Amino acid sequence: MDTQTDIESKLKSIFKKVLDIKESEIVPDAKLNESLGIDSTEMVEISVVIKKELGISLKDNELKKTHSFHDIVEILKTK
């Protein structure tokens, strides 16, 4: 797939679109539920947008196990 920087950039774009937050709020160790306030519905929405925009299918439980923005980047790097 792409480099880590490309993945982070694309994922930040998805987060900004889905969550309506500033890019400056999205840091690698940002906790998804505490720092960014992401709930389970938004995680599903993020997963759908990742599939649509990046062509990467994620299993239902893959994102539920993540705790930070960096965790999602690491999952996407393996796809």
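Below, the figures for the structure above:
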{"read-out": "Residues located in region 45-73, provided they are modelled with pLDDT of 90 or more, under 20 Å from Glu23 (Cα atoms) and surrounded by 14 or more Cβ atoms within 10 Å (Cβ to Cβ)", "value": "Glu45, Ile46, Ser47, Val49, Ile50, Leu54, Ser68, Phe69, His70, Asp71, Ile72, Val73"}
{"read-out": "Breaking point among (1) in contact with a strand residue (DSSP E or B) (Cβ under 9 Å, 6 or more places away or on another chain); (2) touching a residue at least 60 places away in the same chain (Cβ under 8 Å); (3) not aliphatic (A, V, I, L, M), for Ser35", "value": "(2)"}
{"read-out": "Lys12 being out of contact with any His (no Cβ under 9 Å at 6 or more places or on another chain), basic (Lys, Arg) and surrounded by fewer than 16 Cβ atoms within 10 Å (Cβ to Cβ)", "value": "no"}
{"read-out": "Output for region 1-59, where each listed residue is more than 17 Å from Leu76 (Cβ to Cβ), out of contact with any Leu (no Cβ under 8 Å at 6 or more places or on another chain) and assigned to a helix (DSSP H, G or I)", "value": "Glu23, Ser24, Ser40, Thr41"}
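The values are calculated or read from the model by the stated rules, or taken from the named source; none is laboratory data. In this text, all values refer to a predicted model and were calculated from it rather than measured experimentally. Cβ coordinates were reconstructed from backbone atoms using ideal geometry, including for glycine residues, and neighbour counts include every protein chain displayed.
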